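The values are calculated or read from the model by the stated rules, or taken from the named source; none is laboratory data. Because the structure is a prediction, the values reported are computed rather than measured. Note: ideal-geometry Cβ built from the backbone for every residue, glycine included; neighbour counts use all protein chains shown. These accessible areas exclude ligands, DNA and RNA; they are computed on the full protein's heavy atoms, side chains included. Shrake-Rupley method; radii C 1.70, N 1.55, O 1.52, S 1.80 Å.
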Amino acid sequence: MKRNFYIVMAVLAAVLTACHKEPAFKVEGEVTGATDKMLYLEQSGLSGIILLDSVELGSSGSFCFESPRPASPEFYRLRVENKVINFSVDSTETVTVHAEYPAFALQYRIEGSETNEKIKELTLLQAELQDKVTRLGRSGIPAGIAQDSLLKLVNAYKDQVKREYIFKGPNKPYAYFALFQQLNGYMIFDPLTSKEDVKCFAAVATSLNNLYPHADRSRNLYNMVIKGMKNTRAPKVTQVSVPENIVQETSIIDIALKDVKGNTRRLTDLKGKVILIDFTAYATPASGARNLALRELYDKYASRGLEIYQISLDSDEHFWKTAADNLPWICVRDPQGPYSSFVSLYGVTQLPAAFIVNRNNELSLRVDEKTNLEDAIQKYL
């Protein structure tokens with residue numbers, strides 16, 4: 001009798017546990033043409049990408065993931081190798097995805113919510129913009145014309161996204177997603193130095209704060225807006241002009257930007273030294289390791305005439321000043337960031353990018369992944 005009692009209690013406990021199972025959402029579907037490849041479910045958190053689950057795909061490509069429902073709208077992604085499908089979840093919904101492996105990131109169908117249809121639309125728009133910019137960079141047209149064309153492409157994209165996604169539905173997760181899209185690794189909408197872009201962030205922040213006042217994303221976005229409003233109260237930074245005679249007799253493209261102390265530092269003033277021009281962004285993950293390597297070279301060869309002229313494209317001026325404060329070489333910043341005239345003039349398409357200038361102030365070498373930097377510097381010293 002006692003044994004039967006314990007069995008009944010055990011079954012009852014199991015039923016109660018099942019009844020109080022944590023609410024979850026489901027992601028299911030199939031990825032064809034990806035037999036034996038791993039499919040990952042990841043969360044796009046504020047602090048980075050978090051792996052939630054994974055499965056090895058079979059010949060049918062079918063999959064099904066479950067994960068605890070978020071307390072407020074969150075962003076997730078399905079990934080095969082480096083191909084990604086982004087989506088959002090704000091309830092115990094079921095998201096259904098149908099995709100083919102070769103075009104996994106772009107040619108997919110997603111069912112379950114209007115938000116995820118809009119996120120797909122934004123993904124396709126961004127991919128189209130990236131393709132146009134890449135082709136522009138390879139076109140070989142004069143730098144000044146390329147710069148104007150780039151700005152027109154980006155501004156047209158931003159106008160469309162503002163009108164059709166951000167201001168049309170500032171309380172929707174897809175509006176938040178739109179704010180953080182990137183081009184060549186940089187955010188398309190600038191929350192720190194563009195007054196017009198800050199308005200977009202403010203519209204979404206206000207809506208999210210009303211709906212989800214305690215959510216981490218709401219607080220984070222609100223803090224970004226406060227910082228952006230503070231930054232844009234200062235006098236607007238004027239576009240860097242490129243004088244007709246910027247290419248000197250020495251054949252170098254001169255650069256004149258301010259260092260951390262506010263002093264204008266010109267590249268042509270360094271004639272007589274071997275100069276390593278380094279385009280970088282201190283906010284990138286690889287920046288710390290790169291600067292450590294550069295410091296070893298600088299300590300070793302500065303006494304023999306090496307100078308480093310490092311150009312930051314960081315959007316956050318305070319962050320740049322803090323990061324550059326203890327570096328021994330010349331650190332300047334272009335407030336135009338990735339839209340800098342000098343980025344275009346020097347043909348920079350990714351960061352970091354470096355060039356070597358000889359003692360006669362002549363641009364002598366573009367550094368690439370095959371360059372032994374120390375050997376190259378020694379050659380010109």
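General remarks:
- Residues that are within 27 Å of Lys271 (Cβ to Cβ), in a helix (DSSP H, G or I) and touching a strand residue (DSSP E or B) at 6+ places or on another chain (Cβ under 9 Å) within segment 296-326 comprise Leu297, Tyr298, Lys300, Tyr301, Ala302, Arg304, Trp320, Ala324, listed in sequence order.
- Residue count for segment 60-95 satisfying the condition of being open to solvent by 50 Å² or more (accessible area, probe 1.4 Å), of a type in the set (A, V, I, L, M, F, W, C) and either modelled with pLDDT of 95 or more or touching a Leu at 6+ places or on another chain (Cβ under 8 Å) (or both): 1.
- Per-region count, segment 30-66, residues in a loop (DSSP other than H, G, I, E, B), within 15 Å of Val97 (Cα to Cα) and without any contact (Cβ under 8 Å) to a residue 60 or more places away in the chain: 3
- Applying the criterion of being under 22 Å from Phe342 (Cβ atoms) and at pLDDT 85 or above to the residues of segment 137-157, the residue that is surrounded by the most Cβ atoms within 10 Å (Cβ to Cβ) is Val154.
- Segment 275-296 - residue that is open to solvent by less than 50 Å² (accessible area, probe 1.4 Å) and under 13 Å from Ile308 (Cα atoms) and, of those, modelled with the lowest pLDDT: Asn291
- Hits in segment 36-59 (condition: open to solvent by less than 70 Å² (accessible area, probe 1.4 Å) and not hydrophobic (A, V, I, L, M, F, W, C)): Lys37, Tyr40, Glu42, Gln43, Ser44, Gly45, Gly48, Asp53, Ser54, Gly58
- Considering Lys379, Lys370, the condition of being open to solvent by 30 Å² or more (accessible area, probe 1.4 Å) and outside any helix (DSSP H, G or I) is satisfied by Lys370 alone.
- Across segment 342-351, the qualifying residues are those that are of a type outside the set (A, V, I, L, M) and either touching a helix residue (DSSP H, G or I) at 6+ places or on another chain (Cβ under 6 Å) or part of a strand (DSSP E or B) (or both), and the one among them that is least open to solvent (accessible area, probe 1.4 Å) is Ser344.
- Options Glu307, Glu317, Glu362: the member that is at pLDDT 85 or above and either open to solvent by 30 Å² or more (accessible area, probe 1.4 Å) or of a type in the set (A, V, I, L, M, F, W, C) (or both): Glu362
- Filtered residues of segment 320-335 (kept if open to solvent by 20 Å² or more (accessible area, probe 1.4 Å) and touching a helix residue (DSSP H, G or I) at 6+ places or on another chain (Cβ under 8 Å)): Ala323, Leu327, Pro328, Arg333, Pro335
- Here is the figure for segment 322-366: residues that are closer than 21 Å to Ala289 by Cβ and free of Cβ contacts under 8 Å to residues at least 24 places away in the same chain total 2.
- Taken over segment 96-110, the criterion of being touching a residue at least 40 places away in the same chain (Cβ under 8 Å) and either open to solvent by less than 30 Å² (accessible area, probe 1.4 Å) or within 23 Å of the chain's Cα centre (by Cα) (or both) is satisfied by Thr96, Val97, Ala99, Phe104.
- Of note, Gly272 does not satisfy the criterion of being surrounded by fewer than 15 Cβ atoms within 10 Å (Cβ to Cβ) and modelled with pLDDT under 90.
- If you check Asp299, Asp368, Asp375 for being closer than 30 Å to Gln130 by Cα and among the acidic types (Asp, Glu), only one passes: Asp368.
- The number of residues in segment 188-210 being in contact (Cβ under 8 Å) with a residue 60 or more places away in the chain and open to solvent by 60 Å² or more (accessible area, probe 1.4 Å) comes to 1.
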